[in-house]
1. Go through 234, 173 for me and flag whichever is in contact with a Pro (Cβ under 8 Å, 6 or more places away or on another chain) and acidic (Asp, Glu).
2. Can you confirm whether residue 288 is surrounded by fewer than 23 Cβ atoms within 10 Å (Cβ to Cβ) and within 28 Å of residue 461 (Cα to Cα)?
3. Quickly run through the stretch 91-133 and pick out the residues that are among the small types (Gly, Ala, Ser) and either part of a strand (DSSP E or B) or surrounded by 20 or more Cβ atoms within 10 Å (Cβ to Cβ) (or both).
4. Got a sec? Which of 515, 532 is free of Cβ contacts under 8 Å to residues at least 40 places away in the same chain and farther than 21 Å from residue 362 by Cβ?
5. How do the strands (runs of 3 or more DSSP E) wholly within the stretch 136-234 filter down when requiring 1 or more residues that are among the charged types (D, E, K, R) and at negative phi: which remain?
6. Looking only at the stretch 278-315, which residues are within 25 Å of residue 12 (Cβ to Cβ), in contact with a strand residue (DSSP E or B) (Cβ under 7 Å, 6 or more places away or on another chain) and outside any helix (DSSP H, G or I)?
7. Could you grab me the full set of residues in the stretch 409-447 that are free of Cβ contacts under 8 Å to residues at least 60 places away in the same chain, assigned to a loop (DSSP other than H, G, I, E, B) and within 23 Å of residue 361 (Cα to Cα)?
8. Mind listing whichever residues of the stretch 481-505 are modelled with pLDDT of 95 or more and surrounded by fewer than 17 Cβ atoms within 10 Å (Cβ to Cβ)?
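The values are calculated or read from the model by the stated rules, or taken from the named source; none is laboratory data. Keep in mind that what you see is a predicted model, and the values were worked out from it rather than measured. With ideal geometry, Cβ positions are generated from the backbone for all residues, glycine too; neighbour counts draw on all protein chains shown.
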Amino acid sequence: MRARPRRKLDDSVTYIDSDSAPRILFYGEDLWIEDFPIGTRVIYPRPPIQGLANPQAAIRHALNHPHDCDPLFAQLSPGMKVTIALDDISLPLPPMRTPDLRQTICEILLEMLDAHGVDDVHLIIANSLHRRMTEREMRRMVGRKIHDAFYPDRYYNHDAEDPDGMVTLGETDHGEIVNVNRRAVESDLVIYVNINLVPMDGGHKSVGVGLCDYPALRAHHEPQTIRECDSYMDPGRSALAKKCDRIGKIVDEKMNVFHIETALNNRMFDGQIDFLMKNEDEFTEFDRLKFEGTKWALSKMPWAAKRKLLFSIPAAYELIACHAGRTEPVHAKILEKCFEQYAVKVEGQADIVVTGIPYVSPYNVNSILNPLLVQVMALGYFHNMYRGKPLLKKDGVLIIAHPCYDDFDHQFHPSYIEFFHRLLPETRDAFTLRDKYELEFAHNPSYIEMYRRGNAYHGAHPFFMWYWGENGRQHVGKVIVAGAVNAHVPEILGWERADTMAEALAMAKSYTGPSPEITLMHHPPILMTDVS
């Protein structure tokens, strides 16, 4: 069956103008969407920006020509203590093919440090209250040579619950406490290696959040801050970003931090699955054959097998920008490149927005996208992928496509299970959850032990995930799940369900009126909207 023709406005926004049925694969699930009405607006991601021809040369140039500070080599001397902090496995998504960009940067850094007689070097994963990365994941991130030379004594995960491992640097003028990893604080130089997948990454958030503890994180990962974010993907309008900036300024006053920030293009797929990067109208006959084969294969596989297959396919991301130096000028340069890759200009808001939910989020790499994380992707991330104003009108309908299975990873997400099945049936009010239960989970000895000794997210983490959807819950009038395999998961989340997309659209029209403006967000890969 051929893809539905569309009237193309520019490279990224089209309108359905034919009555032939489309076939659209929503990334990670075998849910196939049909029967969108004529006039539906479809927003596609921008094509990938061409990757830099010589990433190593670009990284070296950034180190030698930093913003607002001396070149890195001029800051090095024998006998100094240096800590390299690395973004954790929560980005990029999916994990990129090897060598990971962090490996490439670390190889250059370690070569430079060795040449200047610096041998007191630690590599710390800035995982904050995320789960500890496994040894296999850590080896893949930096390569076998670096891993074998530094792991486990000098290459390790940050431990936010180590009673001797944190230092208080002070408080902001708004009372936010600033606690940071002791090794980093006591270093002569901290080099932060960052990957900016979306505009909320990087900047002052890197050290102040990545290397903090629960009391420090609690100051800004809370419902009111998220409610006050007019998209936390737009730093200038984000209360979260402003709080991180205040914390980061104290970090920069007390510590010597050299930031390396990078931007990637959105080349998520290539090779035999490069058709997933295309507008269906541009499929070749071979693309259509692969398309049908993918649909058939996914339809025959159980969920666990599909996840395993999809996590086995690394992303083909390429470096498109690298800047180094002081926090703010570096971050400003990288943000420019992020918006150039992701932002799509759109005229007007929609009454109904439709999006698929992928199999992967920042919080379930090599794991299960449990119901709480489906909520994070829908009301947290995808709702906030805008600048200016939301794509969805106030009190509009958000339709998501996802099976919403009741499935949790007991190793990675133990506290999520209790949060979802015990707390949400009692209340979905974020402020009640914070006041009544958050400290109980945060100080639960079992959850602390699983965070410190195992690979579990911190006991407080499911609360942050619920808060993450707070401004989406305040804005969206109704959420409908198309293809949900059961009724109780959407019900616990406060959503409605439909068996098919046609049923979901009919339900949405009963809420918005008979002639709504419908917009389909065509993920993958990531896109943001600039709504006028």
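1. On the way: 173 fails: in contact with a Pro (Cβ under 8 Å, 6 or more places away or on another chain).
The conditions single out 234.
2. When the stated conditions are applied, residue 288 does not pass them.
3. Filtering the stretch 91-133 down to residues among the small types (Gly, Ala, Ser) leaves 115, 117, 126, 128.
Within the stretch 91-133, 126, 128 meet the criteria.
4. Details: 532 fails: free of Cβ contacts under 8 Å to residues at least 40 places away in the same chain.
So the residue among 515, 532 that is free of Cβ contacts under 8 Å to residues at least 40 places away in the same chain and farther than 21 Å from residue 362 by Cβ is 515.
5. Details: elements: 155-157, 166-171, 177-181, 189-196.
The strands (runs of 3 or more DSSP E) meeting that bar are 166-171.
6. 315
7. 409, 410, 411, 413
8. 488, 491, 494
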